Amino acid sequence: MRMRRADWAFLLAVTAVIVLVSLLPSPRDRNPPIPDSPEHRLVSSEKICSTCHAAGQSRPLTERHPKRQDCLHCHKQTDGG
Ligand code: HEC
Ligand code: HEC
């Protein structure tokens, strides 16, 4: 099957949309904040988050949760300061 000009334009448009969406900023204010609970008050670094929020731990993340490790980029800490 030969690609016609319209096909290429469509492909280009789809790629552009995907790239744009992946570049969208993720403001922390719109994501659930880190609860002000005893567990979280003890947490000093985002490296510790996965002791509870990893697959197989007490509070695993959902399947569609971003796989990134920079938790605090998206989740605001509510420790009052
Ligand atoms: C000691 C275990 C533990 C650690 C470590 C921990 N969490 Fe949690 N997290 C929990 C539990 C339990 C809940 C659910 C109970 C609650 O809402 O307080 C929760 C809930 C959350 C929620 C809210 C979920 C919702 O539905 O609103 C976010 C966001 C979150 N954690 C982020 C983090 C981040 C980011 C870190 C690292 C800085 C972290 N957690 C470290 C145990 C932990
Ligand atoms: C790119 C932004 C981003 C990053 C990075 C991120 N999160 Fe989230 N997180 C979200 C969003 C958006 C939601 C709400 C998703 C939903 O409603 O399903 C969420 C929801 C959660 C929840 C609530 C339960 C759930 O799975 O929906 C917890 C707990 C959580 N995140 C913990 C973490 C931890 C721990 C890390 C670091 C390993 C992390 N997040 C990194 C954006 C992010």
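The values are calculated or read from the model by the stated rules, or taken from the named source; none is laboratory data. Just so you know, these numbers come straight off a predicted model, no measurement behind them. FYI the Cβ positions are ideal-geometry reconstructions off the backbone, even for glycines, and counts take in every protein chain you see. Each accessible area value is taken on the protein alone, full model and side chains, heavy atoms only, with ligands, DNA and RNA left out. Shrake-Rupley method; radii C 1.70, N 1.55, O 1.52, S 1.80 Å.
List of remarks:
- In segment 38-58, residue nearest to Ser22 (Cα to Cα) [restricted to those that are among the hydroxyl-bearing types (Ser, Thr, Tyr) and outside any loop (DSSP other than H, G, I, E, B)]: Ser50
- Looking across Leu20, Leu61, one residue alone is outside any loop (DSSP other than H, G, I, E, B) and open to solvent by 70 Å² or more (accessible area, probe 1.4 Å). It is Leu20.
- Applying a threshold of 8 Å to beta carbon distances and a minimum spacing of six or more residues, or different chains, the list of pairs starting in segment 34-47 at a residue that is farther than 19 Å from Arg68 by Cβ and ending at one that is open to solvent by 40 Å² or more (accessible area, probe 1.4 Å) and within 11 Å of ligand 2 (Cβ to nearest atom) reads Glu39/Cys52.
- Once segment 33-81 is narrowed to residues that are among the basic types (Lys, Arg) and under 15 Å from the mean Cα position of the chain (by Cα), the residue that is farthest from ligand 2 (Cβ to nearest atom) is Lys76.
- In segment 37-77, residue nearest to ligand 1 (Cβ to nearest atom) [restricted to those that are in contact with a helix residue (DSSP H, G or I) (Cβ under 6 Å, 6 or more places away or on another chain) and under 21 Å from Leu24 (Cβ atoms)]: Cys71
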